[in-house]
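Comments concern the structure below.
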Amino acid sequence: MYDDLNIFIKVAEVANYSKAATMLKTSQATITRRLQSLEQELGVNLIKRNSRTFELTERGKLVYEKMVESVKDFNTALNDFKENKDVIRGTLKIAIPAALSYELITPLLSKFNHAYPQVRLIVSYTSNPIDLMKDDYNLAISTILPTSQNSKVKLLKKFQFKLYTTPEYIKSHGKLKKPEDLNNHNVIGLMSLDGNLRVSYPLTNIKTGKETIINHQASVYINNLLHGIQLAKTGSFIIGGWDELMKTELENGSLIPVLEDYLFGEMSCYFIRHNNTPSKLENLFTEFIYKSLGV
């Protein structure tokens, strides 16, 4: 009945079968047939057919007055739906690493939000192991493999752990030439998630492949590399960190590499998804991250 009412409203407004047919992209014969069908369903005559000019019956006028706004509102809503049917909406709960995401992931969230403003992102920054089901996340990026086997895991990137300091520190304390020189310098120590202080660090000579272990007792221990960067930028410390985390400082020269030929470890970063069929929104965010990181 809606289609028939829509035709009736349009014909009543333009008061001309031919013009209405053109506007509705149909034929006059179709309009005549649909109007007759509407009259049969309503049980009333809507149009005076013995008149040379187009004219509504009293019942036709009443139907028009009662239905015109409703039909137009419905048309507006329908058009809005058609125009927005491809708009991505919904909520996405994601977990990402607290420190590493500072340079790698967080800047991308702004781009995603700009591209898909109807999507609500709920972002948790965490360095803990992730269980998507238990922790109620849709997706996660983590440097730790998931605890649950019910997840799909893809390697995003690998990062190198090296030492960095300020040009001012090198000017004041001299350039380090070999790993053993670290014992004579103020290197920030690292603390694990469970609170243990690290006193030994494996390192590899990139050129020769030779591996060794350096023991070092630090005067300052931290469990967050973002704050370690700020400590190092005071010019009083050497800090170990992932190359991606130091990206801005390395580009602007506020930090420089120390013992460039030595690697203190590698870290993998994983994209974690549920095993079940992903939603359109989850697929969209996944593809966005993969494309942004060149995966």
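Screening V87 on (1) surrounded by fewer than 17 Cβ atoms within 10 Å (Cβ to Cβ); (2) under 29 Å from W242 (Cα atoms) shows it passes everything except condition (2). Could you give every pair whose Cβ atoms fall below 7 Å, whose first residue belongs to region 143-159 and is among the β-branched types (V, I, T), and whose second residue is surrounded by fewer than 16 Cβ atoms within 10 Å (Cβ to Cβ) and not in a strand (DSSP E or B), counting only separations of at least 6 or pairs across chains? Note: pairs meeting the criteria are I144/P129; T147/P129; V153/L145. When region 214-261 is filtered for residues that are touching a strand residue (DSSP E or B) at 6+ places or on another chain (Cβ under 9 Å), among the β-branched types (V, I, T) and modelled with pLDDT of 90 or more, the ones remaining, listed by number, are V220, I222, I229, I238, I239, I256, V258. Of the residues screened, T57 is not one that is surrounded by fewer than 15 Cβ atoms within 10 Å (Cβ to Cβ) and in the same structural domain as V71 (by TED's automatic domain parsing).
The set of residues from region 121-153 being surrounded by 13 or more Cβ atoms within 10 Å (Cβ to Cβ), charged (D, E, K, R) and not in a loop (DSSP other than H, G, I, E, B) comprises D135, K152. When the residues of region 242-295 are narrowed to those that are of a type in the set (G, A, S) and at positive phi, which ends up surrounded by the most Cβ atoms within 10 Å (Cβ to Cβ)? Out of the qualifying residues, it is G265.
The values are calculated or read from the model by the stated rules, or taken from the named source; none is laboratory data. These numbers come from a predicted model, not from an experiment. We place every Cβ from the backbone using ideal geometry, glycine too, and count neighbours over all the protein chains shown.
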